[in-house]
Amino acid sequence: MTSRGFEFQEIAIDANLEEHILRAIEQFKPTIFAFSMVQYISGLKMQSDFIKKLSANYPDLILIADGTQFLGTGTFNFEQSGLDVLVGSGYKWLLGGYGNGYIFLSDAVRNIIYQHKKNLSLPNVPFLNGRDYLSLTLEPGHLDSLNVGTLNQGLSYLNTIGLDVIEQKTMDLSTKARIALHEKGLLPDWMVERKEQSSIMSMPLKQDVVDRLNNEKILASPRGAGTRISFHFYNTVNDLNHLLEVLD
């Protein structure tokens with residue numbers, strides 16, 4: 001944002017996150033609030049009711065969310081979410097690999113972005129028939145059919161299992177993990193007490209513990225000041241028990 005010349009304010013993530021957000025909106029009167037549905041370092045999940053509250057109370061505020069760490073973990077309805085834009089990469093829970101992504105736009109945002117292009121002439125070559133200015137702006141040139149096709153295969157596989165099934169399984173396992181890690185003093189109280197949770201957790205581990213995880217072939221990622229672990233539908237209670245044994 002700095003390199004593009006935008007003025008912006010950042011909000012600290014802590015137990016009073018929602019209060020910080022509301023206070024910042026009232027103080028700075030932003031035109032856009034950009035955030036992650038699930039924050040990639042901490043695993044903190046934005047509460048769905050809070051997003052809808054922002055949308056209702058600040059109708060002129062454009063809500064832009066990063067869904068990279070979110071989509072593919074459960075059922076989701078963009079039109080009912082209160083979001084104006086949801087954008088992200090398909091490499092994570094959507095199992096799409098690298099080189100692809102997605103963007104959802106509300107009707108309101110669709111009508112206001114790239115307004116200067118609305119009156120420009122569109123290409124009249126036959127193979128671009130049906131493309132509008134927005135399509136040509138967001139999808140210029142040639143798309144990589146392999147990468148897009150891989151994302152499509154990931155989506156098909158997830159739908160075969162059922163996103164409701166995936167959500168229930170990952171949340172059951174993540175809840176067990178969160179309780180166990182909290183009992184070990186590895187997660188703060190406020191992160192455990194939030195109503196809606198993700199399957200991502202960040203722990204303050206010493207390097208020798210991280211090395212043990214690596215030696216036991218437990219995938220963990222250094223993110224920020226902590227070490228991040230996460231669960232998807234293919235993980236099991238045995239995986240969790242193995243993690244807890246290594247941490248002991």
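The values are calculated or read from the model by the stated rules, or taken from the named source; none is laboratory data. Computed from a predicted structure; not experimentally measured. Cβ sites come from the backbone with ideal geometry, for glycine too, and all protein chains shown count toward neighbours.
For the residues Y91, Y114, the requirement of being more than 20 Å from I200 (Cα to Cα) and among the aromatic types (F, W, Y) singles out Y114.
Are any residues in segment 95-134 under 30 Å from F233 (Cβ atoms) and of a type in the set (A, V, I, L, M, F, W, C), and if so, which ones?
So the first thing to find is which residues in segment 95-134 are under 30 Å from F233 (Cβ atoms), and the list is 95-106.
Within segment 95-134, L95, I103, F104, L105 meet the criteria.
For L155, the criteria (1) loosely packed, with under 11 Cβ neighbours inside 10 Å; (2) in contact (Cβ under 8 Å) with a residue 12 or more places away in the chain; (3) in a helix (DSSP H, G or I) hold in every case but one, which is (1).
N159: farther than 25 Å from D239 by Cα and either modelled with pLDDT of 90 or more or in the same structural domain as R228 (by TED's automatic domain parsing) (or both), yes or no? So N159 fails the test. Can you find even one residue in segment 25-39 that is in contact with a Leu (Cβ under 9 Å, 6 or more places away or on another chain), touching a residue at least 60 places away in the same chain (Cβ under 8 Å) and closer than 30 Å to P222 by Cβ? Scanning segment 25-39, I find at least one residue that is in contact with a Leu (Cβ under 9 Å, 6 or more places away or on another chain), touching a residue at least 60 places away in the same chain (Cβ under 8 Å) and closer than 30 Å to P222 by Cβ, so the answer is yes.
Does Q9 fit the bill of being among the polar types (S, T, N, Q) and either in the same structural domain as A220 (by TED's automatic domain parsing) or surrounded by 15 or more Cβ atoms within 10 Å (Cβ to Cβ) (or both)? No: the conditions fail for Q9. When restricted to residues that are under 24 Å from the mean Cα position of the chain (by Cα) and either within 21 Å of L94 (Cα to Cα) or aliphatic (A, V, I, L, M) (or both), segment 206-222 contains 4.
Among residues of segment 220-248 being at pLDDT below 95 and assigned to a loop (DSSP other than H, G, I, E, B), the one that is surrounded by the most Cβ atoms within 10 Å (Cβ to Cβ) is A220. Looking at segment 2-22, is at least one residue assigned to a loop (DSSP other than H, G, I, E, B) and in contact with a Ser or Thr (Cβ under 9 Å, 6 or more places away or on another chain)? Yes, segment 2-22 contains at least one residue that is assigned to a loop (DSSP other than H, G, I, E, B) and in contact with a Ser or Thr (Cβ under 9 Å, 6 or more places away or on another chain). For segment 23-34, residues that are out of contact with any strand residue (DSSP E or B) (no Cβ under 8 Å at 6 or more places or on another chain) and part of a loop (DSSP other than H, G, I, E, B) total 2.
With Y98, Y133 as the choices, which residue is of a type in the set (S, T, Y) and closer than 30 Å to P59 by Cβ? Can you show your working first?
Numbers: Y98 fails: closer than 30 Å to P59 by Cβ.
Result of the check over Y98, Y133: Y133.
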